[in-house]
2 protein chains.
Amino acid sequence: MATKKFLLNEKDIPTAWYNIVADMVNKPLPPLHPGTKQPLVPADLEAIFPRVIAEQELTTERWIEIPEEVRELYKIWRPTPLVRATGLEKALDTPAHIYFKNEGVSPVGSHKLNSALPQAYYNQKAGVTHLTTETGAGQWGAALSFASRLFGLALEVFMVKVSYNQKPYRRVMMQTWGADVVASPSNTTDAGRLILAKDPNNSGSLGIAISEAIEKAVKTPNTKYSLGSVLNHVALHQTVIGLEAEKQLDMAGEYPDIVIGCFGGGSNFSGISFPFLRHNLIDGKKTRIIAAEPASCPKLTRGRFEYDFGDTVGMTPFLPMYTLGHDFQPADIHAGGLRYHGAGTIVSQLRRDNLIEVEDIPQLETFDAGRLFAQTEGTIPAPESAHAIASAIREAKKAREEGRAKTILFNLSGHGLVDMSAYDQYLHGEMQNYELSDSEIEKTVSSLEKLVP
Amino acid sequence: MATKKFLLNEKDIPTAWYNIVADMVNKPLPPLHPGTKQPLVPADLEAIFPRVIAEQELTTERWIEIPEEVRELYKIWRPTPLVRATGLEKALDTPAHIYFKNEGVSPVGSHKLNSALPQAYYNQKAGVTHLTTETGAGQWGAALSFASRLFGLALEVFMVKVSYNQKPYRRVMMQTWGADVVASPSNTTDAGRLILAKDPNNSGSLGIAISEAIEKAVKTPNTKYSLGSVLNHVALHQTVIGLEAEKQLDMAGEYPDIVIGCFGGGSNFSGISFPFLRHNLIDGKKTRIIAAEPASCPKLTRGRFEYDFGDTVGMTPFLPMYTLGHDFQPADIHAGGLRYHGAGTIVSQLRRDNLIEVEDIPQLETFDAGRLFAQTEGTIPAPESAHAIASAIREAKKAREEGRAKTILFNLSGHGLVDMSAYDQYLHGEMQNYELSDSEIEKTVSSLEKLVP
């Protein structure tokens, strides 16, 4: 019998996260203070983050040690399996070897716990007693709910109101772990009250929820804010994914020709790809690294590289990134985790330097891919992860046409069991694609202030 | 760092299932033909099952070899982790060592795939092209949907109408894997039409769904019926759970004082416990084996040992079992997988011989346990599995009172991510217990025909 899963032992959980900034020739441009437009220093971030996280955000150290307490808790589900997708390969009749890293086996159902745990840990160590965050579809909110519970932190999650009402299962998951979940916009913050005064029926947005969460953190004693993607320290924590996958592919006697992650703000993409990109940068490897984003929110493929706000309202520092503009309103697609206007600063610089490839995929193709994956490998993928699967299928078909046995690795960032209403729409032919015209793109990026030197 | 998870390699997947009947001094009484009331022979079962399954149902062989193709597919998720529940132990301040076997990591979310795969395999080998089955909450229907897809079998699932409407997520899961899901009672069978003619608004029951599925199998060419619990061949297939757990506890240097499974028809309970009960029977071990059932459906604790039908309508053979009567209507609790009137024949004989312990648990205690487990170990358990957790917590508290470091093993039969509406009710104080009075029990069992010699 051929081996299907490649499993590591708990002692193989990485002891340090990998910071790719150390190996980049062109470092990311610095974030700018929104008032002075001067480069940020860690102290600027300490209003909302504990010192260690502020330092991790700006560090150029190559390896950051994972605290023993965090490694101990990683054992709840890590190391995660690397799986040879033999069923999918057979269905595609491809000579390619397709592997996926299954991050959906975490108790919260996605990779998000990789960063939620250290964030909760560092906050608790710093004497913080309360955290705030925002969540859209709910994957990040779910992860931080469990992590906060483990470290005895109270957590308030501002959940976009439309999701709060339409995705009750993820709300209940967060509440089961003990979080306080508030539909945003809410009456508990100035930002929320301002929005509601103008429009009592406002159904919320990620931008509003971020504003509420940051405001609550700044105004409440012993309270900090926590974010689940985009920022450098989040990408750092997620590198456990790729570091494990590297060891597991080695067990399989393989090295990847192609590494693929779906792309929202960058957390799971960075996690699976940076440890392999490292070998491109320092060892002369030539692995193709592909970020797969939705055609309805194509910041990497069609956005502009510019300084922009991380939130819709404009409360964050200016971040140098590929962006569609901070007030871009993505279509209401089902991969809620990918509906974000900008890319993290590291990924944006890598894109600018052509060190990664980018690809945008229509929604229906991603659900075709998700269903085929479910029917051949069992796991029903999250709509976000289905973007990576669709990209892997494109490459496997190319390999078939070329008759070449390429090795493809993608990250299965999470399962889709709390997203079945999306599959219901898909199966009933009620789903559509959302494509943006060139003039729509031009319109959304034209308002960006020109700050890149 | 202490080890938390005990992981086996794929080569450690068992090569044979264990049949406890071989080691029982008092064998289970034979099932009786419903017409002649004579003991069944395999041929009697071949109207609805392929020959190999009919033979497995009645065999007294000790070890049944697992087909290579089935072992290969078990690799999709097996071996499953054995986990030391250190977080739960700490929260309970108990000297007990608590371990759980995590069957929730299967792609369908429960242990049910352990039997769905071999059943689909044997049917395909026998030239069957279509399967029928029934499902209540949907765990079994989901498992058989994926298994049927893997073997290219068409599957029709009769899903109890109230669940079909109230649990759309599991319906969509089955449809994503490619099954045809029909709300029962339906217009596609005589049984369904009969019911609907009397009551067009009938919301269905497991009994009606079984009748429809059997009728459809009997009347359609190349079509057989498949069941996910109660019967001996299902218990047999599920023993991979306990066989793996035995090896894993050995890695941990432990042997269990107590083994616990939740109890509906017996599939996961048999799977986790029979391999350990074997050592009680043949090696003089004294492990306590506990079946944890809902207080609202207490066939093992308060039912009568008698011959009864396996379905509500009375189409199956007479099975010798602890039962509340085949027309018993359990309260509408959230552990849908435990709402069954009878226990499998093997478990019933073991109970009769006092070789296992039985325990009934009120619904609210199970959700208290489920929440504590989620908050300490991460995974939100299925409401069914929460019965096993509640029982383990009772034993861990006793160990604390006695100051004894007992080793407790329970089976986490599945996760609860598709059952969050139940947790929502629980968290909002809208859930209640359902207890049966002695007179209610007496009334439900008094109609049983007396066939036990």
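The values are calculated or read from the model by the stated rules, or taken from the named source; none is laboratory data. Small disclaimer: the values here were computed from a predicted structure and weren't measured. Note that each Cβ is placed from the backbone with ideal geometry, even for glycine, and that neighbours are counted across all protein chains shown. To get the accessible areas, we keep the full protein, side chains included, count just its heavy atoms, and leave off ligands, DNA and RNA. Shrake-Rupley method; radii C 1.70, N 1.55, O 1.52, S 1.80 Å.
Shown for A:Gly284: label points 7 Å from Cα along the beta-carbon vector, and their distances to the equivalent points in the other copies, 6.9 nm in ascending order.
For segment B:223-288, applying the loop criterion from DSSP together with a ceiling of 15 other beta carbons within 10 Å to the trypsin sites (Lys or Arg not before Pro) yields B:Lys285, B:Lys286. For the protein assembly as shown, carbon and sulfur atoms together expose 49% of the accessible surface, with a 1.4 angstrom probe and every protein chain in place. The phi torsions of segment B:166-178, fed into the Karplus equation with coefficients 6.51, -1.76 and 1.60 and a -60° offset, translate into couplings of 8, 10, x, 5, 5, 4, 5, 4, 4, 5, 5, 6, x Hz, rounded to whole numbers, with Gly and Pro shown as x. For A:Lys406, the residues whose amide H sits under 5 Å from its own are A:Ala96, A:His97, ignoring neighbours fewer than 5 places away on the same chain, with H placed 1.01 Å from N.
For segment B:224-317, the relative contact order works out to 26 percent when only alpha carbon pairs closer than 8 Å and six or more residues apart are counted.
Accessible area per residue for segment A:356-453, computed on protein heavy atoms with a 1.4 Å probe, is 39 Å².
The 3J(HN,Hα) values that the Karplus relation (6.51, -1.76, 1.60; θ = phi - 60°) gives for segment B:68-77 are, in residue order, 4, 5, 6, 4, 4, 6, 3, 4, 3, 9 Hz. Gly and Pro appear as x. Across the identical copies, the label point of B:Ala405 (7 Å from Cα in the Cβ direction) is separated from its matches by 5.1 nm, in order from shortest.
Relative to the dominant Cα principal axis of chain B, helix B:240-251 is inclined by about 10°.
Annotation: amide H of A:Ile290 within the under-5 Å range of A:Val259, A:Ile260, A:Gly261, A:Glu357, sequence separation 5 or more or interchain, hydrogens built in the peptide plane.
By how many degrees, 0 to 90 and rounded to 10, does the Cα axis of helix A:206-219 deviate from the longest principal axis of chain A? So the inclination is approximately 50 degrees.
Taking the alpha-carbon centroid of each part, what is the distance from segment A:429-453 to segment A:58-82 in angstrom? Value for the Cα centre distance between the two parts: 37 Å.
On association of chains A and B, roughly 4100 Å² of accessible area becomes buried (total for both chains; probe 1.4 Å). Would you calculate a helix-derived [θ] at 222 nm for chain A, using -39,500 (n - 2.57) for each DSSP H run of n ≥ 4 and dividing by the full residue count, to the nearest 500? The helix-only estimate for chain A comes to -12000 deg cm²/dmol at 222 nm. Remark: relative contact order (chain A) = 19 percent; criterion is Cα-Cα distance under 8 angstrom and separation of 6 or more residues. Any chance you could give the angle, 0 to 90 degrees and rounded to 10, that helix A:363-377 forms with the longest Cα principal axis of chain A? Its long axis makes an angle of about 50 degrees. Mean separation of Cα pairs under 8 Å and 6 or more residues apart, divided by the residue count, gives segment B:1-99 a relative contact order of 41 percent. Remark: label point of B:Ser447 defined 7 Å out from Cα along the Cα-Cβ vector; separations to the same position in other copies 6.9 nm, ascending. With a 10 Å cut-off around each Cβ of B:110-121, the average count of Cβ atoms from other chains is 0.
When you filter the GluC sites (Glu not before Pro) in segment A:399-453 for DSSP loop state and at most 13 other Cβ atoms inside 10 Å of their Cβ, you are left with A:Glu430, A:Glu435, A:Glu449.
A simple rule links phi to the HN-Hα coupling: the Karplus curve 6.51 cos²θ - 1.76 cosθ + 1.60 with θ = phi - 60°, which for segment B:192-197 gives x, 4, 4, 5, 5, 5 Hz, with x for Gly and Pro. About its Cα centre, the dipole of chain B is roughly 520 debye, where the only charges are +1 on Lys and Arg Cβ and -1 on Asp and Glu Cβ. Rounded, prolate or oblate: which fits chain B when a ≥ b ≥ c are the square roots of the eigenvalues of the alpha-carbon gyration tensor, with rounded for a/c under 1.5 and prolate only if a/b beats b/c? Rounded, because the longest to shortest axis ratio a/c is under 1.5.
Rolling a 1.4 Å probe over the heavy atoms of the protein chains gives segment B:221-309 an accessible area of 24 Å² per residue. Each Lys or Arg adds one and each Asp or Glu subtracts one; over the other residues with Cβ under 13 Å from the Cβ of A:Gly152, this totals +2.
By the gyration tensor of its Cα atoms, with a ≥ b ≥ c the square roots of the eigenvalues, what is the shape of segment A:334-453: rounded for a/c under 1.5, prolate for a/b over b/c, or oblate? Cα axes put segment A:334-453 in the oblate bin.
Multiplying the residue separation of B:Glu435 and B:Thr188 by 0.36 nm and subtracting their alpha-carbon distance yields 85.3 nm. State whether segment A:90-230 is rounded, prolate or oblate according to the following rule on the C-alpha gyration tensor (a ≥ b ≥ c being the square roots of its eigenvalues): a/c under 1.5 gives rounded; otherwise a/b larger than b/c gives prolate, and the remaining case gives oblate. Judged from the Cα gyration tensor, segment A:90-230 comes out oblate (a/c at least 1.5, b/c at or above a/b). Taking other residues whose beta carbon is less than 14 angstrom from the beta carbon of A:Glu401, and scoring Lys, Arg as +1 and Asp, Glu as -1, yields +3.
Applying both filters, DSSP loop and at most 11 other Cβ atoms within 10 Å, to the trypsin sites (Lys or Arg not before Pro) of segment A:368-453 gives A:Lys450. Where does the charge balance sit around A:Ala54 when Lys and Arg score +1, Asp and Glu -1, over other residues with C-beta under 15 Å from its C-beta? Net local charge, A:Ala54 excluded: -2.
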